[in-house]
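Scroll down for the structure; my scribbles are underneath it.
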Amino acid sequence: MSSTALTTWAHSLAESLLSAPLPRRWAHSQGVAERARTIAPILGADAEIMEAAAVLHDIGYAPDLAKTGFHPLDGARYLRETAHANERVVRLVAHHSCAWMEAEARGLRDELENEFPREHPHLADALCYCDMNTTPDGTPTNPVDRVNEIAGRYGSDGLIGKFIRRAEPEILASTARVVERLSVAKRQPM
């Protein structure tokens, strides 16, 4: 599958799974893909992989895919077993935005890590950056406001609220590493 074909396929698949049952989640996924396009210069040959993973990262919320209730794992399993997706895209979806911490809280960390090896750290950082710089409606935001929005939506005492606060330092560090890479790239002569 060519790079352009990969992103076209990914957008089509995500739309088919999310647009009708979860339109807000679909809007978010489109926004995350848009953020991925904005950081393409620092991703080089991995830009298409990143855009595909970005638009697909939340498909595990789709009602037909939700099996464990842990969307990174459900989405990655669907991509691997049913969609036969690019393995790198599958791994990025499985581990997006500090998923290992939520998996640990759910008792699924070993399952996640045994089934899906992690992708390169710079790509994990990039997907976290894209996700945490996008509101639920798909518009740009910043990681601090995004973490606060997630904690507020799910409540501070629930599993997601506790996870997001535990993950917050790594989310902020991850997104800062991407901002630094973008800054370095902008300083490079053409």
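The values are calculated or read from the model by the stated rules, or taken from the named source; none is laboratory data. What you see is a predicted model, and the numbers here were worked out from it, not measured in a lab. Areas reflect the complete protein model, heavy atoms only, side chains present, ligands, DNA and RNA absent. Shrake-Rupley method; radii C 1.70, N 1.55, O 1.52, S 1.80 Å.
Carbon and sulfur atoms: what percent of the 1.4 Å accessible area of the stretch 47-190 do they account for? Its accessible area is 53 percent carbon and sulfur atoms. Checking [x] 19.8, 65; [y] 17.2, 58; [z] 15.4, 50 against Rg and Dmax of the Cα atoms in Å calculated from these atoms, the matching label is [z].
Starting from one equal scatterer on each C-alpha and no solvent at all, send me the Debye-based log10 I(q)/I(0) for the stretch 7-50 at q = 0.29 Å⁻¹, two decimals. Once normalised to I(0) and log-transformed, intensities are -0.99. Amide H to amide H, with H built 1.01 Å from N, S97 comes under 5 Å of C128, counting only residues 5 or more places away or on other chains. Rolling a 1.4 Å probe across the protein heavy atoms gives the stretch 33-72 an accessible surface of 35 Å² per residue.
As a length-normalised measure over Cα pairs under 8 Å and 6 or more apart, the relative contact order of the chain settles at 21 percent. Amide H to amide H, with H built 1.01 Å from N, T134 comes under 5 Å of T141, counting only residues 5 or more places away or on other chains.
Rounded to whole numbers, the Karplus 3J(HN,Hα) couplings from phi for the stretch 37-52 are 5, 6, 9, 3, x, 8, 9, x, 5, 8, 4, 5, 4, 5, 4, 4 Hz, using 6.51 cos²θ - 1.76 cosθ + 1.60 with θ = phi - 60°, and x at Gly and Pro. Remark: relative contact order (the stretch 31-108) = 24 percent; criterion is Cα-Cα distance under 8 angstrom and separation of 6 or more residues. Taking only the C-alpha atoms of the stretch 88-152, Rg followed by Dmax gives 12.6, 34 Å.
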